[in-house]
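**Student:** One structure is given below, represented as structure tokens, and several questions about it will come after.
The values are calculated or read from the model by the stated rules, or taken from the named source; none is laboratory data. Model, not experiment: these values are computed from the prediction. When we count neighbours, we look across all protein chains shown, and the Cβ atoms used for this are built from the backbone with ideal geometry, even at glycine.
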Amino acid sequence: MRLITTIREMRDRVSELKLIKSTSGGRENQTIGFVPTMGALHEGHLSLIRTAQKENDAVIVSIFVNPIQFCPGEDFQRYPRQLEQDKELLNRVGGVDTVFYPDIKEMYPEGYCTSVDVKNLGNRLCGSSRLGHFSGVATVVTKLFNIVKPDAAYFGQKDFQQTVIIKRLIADLNMDVEIKVLPTVRDEDGLALSSRNQYLSREERQDALCLYQALLKAKSLANSGETDAKKIIKEMVNVVNRTQSSKIDYVSIVNPDTLEDVQEIKDGAVAALAVWIGKTRLIDNIILD
Ligand code: PAF
């Protein structure tokens, strides 16, 4: 597994990977599967990597804690950075061709001033309390796609809004990348895996289960025929509020393409929530089918 820190070297490696000698002596295209991450890798990332391996000839993983997707006062400084541990994990999984690990100056050199904004979609849900967050995500993902030129890129359903925005970005800017969204990986008790779970104390880790419990409540109400989104949201709020250390940022049920609130549950509506557990903001979601 190579570790590449510069865009130039990364581009060279991508060119090499795209064209390798076929057995007949000619040259043929290799496909590249890409897993963009901010590091602090966990089983959720590994499941993306394993699928990328199955579906492509080569896999590239990026690790970059992207400063422009953190708002002032958020956890940019404190975000876990553990390259050695991440490399060890990736070596154990095997099959990753390259880890792209640029520094901030490499990605945003002096004079950098372009950003990508997926307007309305970026202002809803998490976007209303994390101003500019999704523009930061859309910008870095565009840059990474331009550098890595993947055939397919892999994201987790846990970051539901991010996946909707990236799909929109790809369509709107005619980018030739297939976006694959894989199911959220959870701990045995249901907590969605997240690099930010590292912030939780033992008690907070327990309290954090209220997110999944609220989603299960929504699912069971929808399954038993409740179609009124407001009623379901009310029940979800009740579940979260039973946990004292929780503070709700939002609880919503939205259309999976437009992210607009729905009144009536229809196939594919997504129940999503963001909740503070102490000083840690967690998100989770479930598809109500
Ligand atoms: O999901 C993440 O880890 C980040 O938002 C991403 C997609 C790597 C962009 O920085």
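**Student:** Might you let me know whether the stretch 195-215 holds any residue that is in contact with a His (Cβ under 7 Å, 6 or more places away or on another chain) and crowded, with 18+ Cβ neighbours inside 10 Å?
**Tutor:** Scanning the stretch 195-215 turns up at least one residue that is in contact with a His (Cβ under 7 Å, 6 or more places away or on another chain) and crowded, with 18+ Cβ neighbours inside 10 Å.
**Student:** I'd like to verify a number: residues in the stretch 135-157 that are under 25 Å from residue 212 (Cβ atoms) and within 9 Å of the ligand (Cβ to nearest atom), how many?
**Tutor:** Qualifying residue count, the stretch 135-157: 3.
**Student:** Note down all Cβ pairs under 8 Å where the first residue falls in the stretch 131-148 and is closer than 13 Å to residue 64 by Cβ, the second is part of a helix (DSSP H, G or I) and within 8 Å of the ligand (Cβ to nearest atom), and they're at least six residues apart or on different chains.
**Tutor:** The qualifying pairs are 136/69; 137/69; 137/162; 137/166; 140/69; 141/166.
**Student:** Considering each of 160, 155 in turn, give the residue that is surrounded by 17 or more Cβ atoms within 10 Å (Cβ to Cβ), closer than 18 Å to residue 50 by Cβ and of a type in the set (Phe, Trp, Tyr). Lay out the reasoning, then the answer.
**Tutor:** On the way: 160 fails: closer than 18 Å to residue 50 by Cβ.
Of 160, 155, the one residue that is surrounded by 17 or more Cβ atoms within 10 Å (Cβ to Cβ), closer than 18 Å to residue 50 by Cβ and of a type in the set (Phe, Trp, Tyr) is 155.
**Student:** Within the stretch 9-57, work out how many residues are in contact with a Leu (Cβ under 9 Å, 6 or more places away or on another chain), of a type in the set (D, E, K, R) and modelled with pLDDT of 95 or more.
**Tutor:** 2
**Student:** Among the residues of the stretch 158-197, what is the count of those that are within 12 Å of the ligand (Cβ to nearest atom) and within 21 Å of residue 32 (Cα to Cα)?
**Tutor:** The number of residues fulfilling the criteria is 5.
**Student:** Tally up the residues in the stretch 63-114 that are over 21 Å from residue 130 (Cα atoms) and out of contact with any helix residue (DSSP H, G or I) (no Cβ under 8 Å at 6 or more places or on another chain), please.
**Tutor:** Of the residues in the stretch 63-114, 17 are over 21 Å from residue 130 (Cα atoms) and out of contact with any helix residue (DSSP H, G or I) (no Cβ under 8 Å at 6 or more places or on another chain).
**Student:** Kindly provide the set of residues from the stretch 161-172 that are in contact (Cβ under 8 Å) with a residue 40 or more places away in the chain and either touching a Pro at 6+ places or on another chain (Cβ under 8 Å) or within 29 Å of residue 19 (Cα to Cα) (or both), ordered by number.
**Tutor:** Scanning the stretch 161-172 gives 164, 169, 172.
**Student:** Would you mind finding the one in 49, 60 that is within 16 Å of the ligand (Cβ to nearest atom), crowded, with 16+ Cβ neighbours inside 10 Å and part of a helix (DSSP H, G or I)? It would help to see each step written out before you state the result.
**Tutor:** Details: 60 fails: part of a helix (DSSP H, G or I).
Only one candidate qualifies: 49.
**Student:** Look through the stretch 63-88, keep the residues that are more than 13 Å from the ligand (Cβ to nearest atom) and among the polar types (S, T, N, Q), and return whichever of them is surrounded by the most Cβ atoms within 10 Å (Cβ to Cβ).
**Tutor:** 82
**Student:** What residue, among those in the stretch 32-46 that are within 15 Å of the ligand (Cβ to nearest atom) and assigned to a strand (DSSP E or B), is surrounded by the fewest Cβ atoms within 10 Å (Cβ to Cβ)?
**Tutor:** Taking the candidates together, the pick is 37.
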